[in-house]
Amino acid sequence: MSCKQARPLPIDGPRISMHTRFCRHAQAMPNVVQPTTLSMRVNRPSKAEPLTADGVDTAPLEMTSLKAYIVEDSAVIRESLIATLEELGPVAVVGTAEDETTAVRWLTLASNEFDLVIVDLFLKHGSGLGVLKAAHSLRPRRHMVVLSNYATKDMRRKCLELGADRVFDKSNEIDALIHYCAQLASGDIGFGD
């Protein structure tokens, strides 16, 4: 991601820019939180620890890491997404697939543990819609989101009908996906929220 694409995340508290390790000049920017030292904080009074001069609690927000399975056919996008999610969100990627058959096979193995499935619609073989259909019948239910460049109004509706909790556009909603993951990990939202 180039810095021209960097946007602040829409979260409460200090603004966290989407600069990654790929933005070499980000280290020289004093107001950018570096991903390697990212610690999300919230503006709330704390009796246990004093507030800083700007009113930000210095205690990190407690979040568990989501175990995510990513279904994306482009290796470049897949690796970039993994790096972004693991650096900026409370996400640990536990597996990936580039086609429907591999994804469905992995998702239906009872021994595989995951909380979230992130699916692209267009895959090397098969479709993300087929992955959604198969994952929708899993028990216990898992969170499923679609991340696609083809997030039209009709496609969003179809994905939601097939069991997706949310649909994000790759071109301009990565920050919303990271925010959604943070909300899931903190327990702020559940199924259907």
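Across the range 121-138, the qualifying residues are those that are open to solvent by 60 Å² or more (accessible area, probe 1.4 Å) and touching a Leu at 6+ places or on another chain (Cβ under 8 Å), and the one among them that is modelled with the lowest pLDDT is H136.
If you check I118, I178, I174 for being in contact (Cβ under 8 Å) with a residue 12 or more places away in the chain, over 18 Å from K67 (Cβ atoms) and of a type in the set (V, I, T), only one passes: I174. For the range 87-131, a residue qualifies if it is among the polar types (S, T, N, Q) and assigned to a helix (DSSP H, G or I), and the qualifying residues are T101, T102.
Name the one entry in V33, V104, V93 that is under 25 Å from K170 (Cβ atoms) and at pLDDT below 95. Before the answer, list the steps.
Working: V104 fails: at pLDDT below 95; V93 fails: at pLDDT below 95.
Result of the check over V33, V104, V93: V33.
Just checking, which of T64, T102, T84 is hydroxyl-bearing (S, T, Y) and in contact with a helix residue (DSSP H, G or I) (Cβ under 6 Å, 6 or more places away or on another chain)? So the residue among T64, T102, T84 that is hydroxyl-bearing (S, T, Y) and in contact with a helix residue (DSSP H, G or I) (Cβ under 6 Å, 6 or more places away or on another chain) is T64.
Output the residues belonging to the range 64-74 that are open to solvent by 50 Å² or more (accessible area, probe 1.4 Å) and either in a strand (DSSP E or B) or aliphatic (A, V, I, L, M) (or both).
Scanning the range 64-74 gives a single hit, K67.
The residue that is surrounded by the most Cβ atoms within 10 Å (Cβ to Cβ), among those in the range 139-170 that are out of contact with any strand residue (DSSP E or B) (no Cβ under 8 Å at 6 or more places or on another chain) and in a loop (DSSP other than H, G, I, E, B), is L162. In the range 108-120, the qualifying residues are those that are surrounded by fewer than 22 Cβ atoms within 10 Å (Cβ to Cβ) and under 20 Å from D165 (Cα atoms), and the one that is nearest to the chain's Cα centre (by Cα) is D115. Can I189 be described as at pLDDT below 95, of a type in the set (V, I, T) and either exposed (fewer than 14 other Cβ atoms within 10 Å of the Cβ) or within 24 Å of S65 (Cβ to Cβ) (or both)? Judged against the criteria, I189 is a match.
The values are calculated or read from the model by the stated rules, or taken from the named source; none is laboratory data. These numbers were taken from a predicted model, which means no experiment stands behind them. Cβ: placed from backbone, ideal geometry, glycine included. Neighbour counts: every protein chain shown. Just the protein is used for accessible areas: all its heavy atoms, side chains included, with ligands, DNA and RNA removed. Shrake-Rupley method; radii C 1.70, N 1.55, O 1.52, S 1.80 Å.
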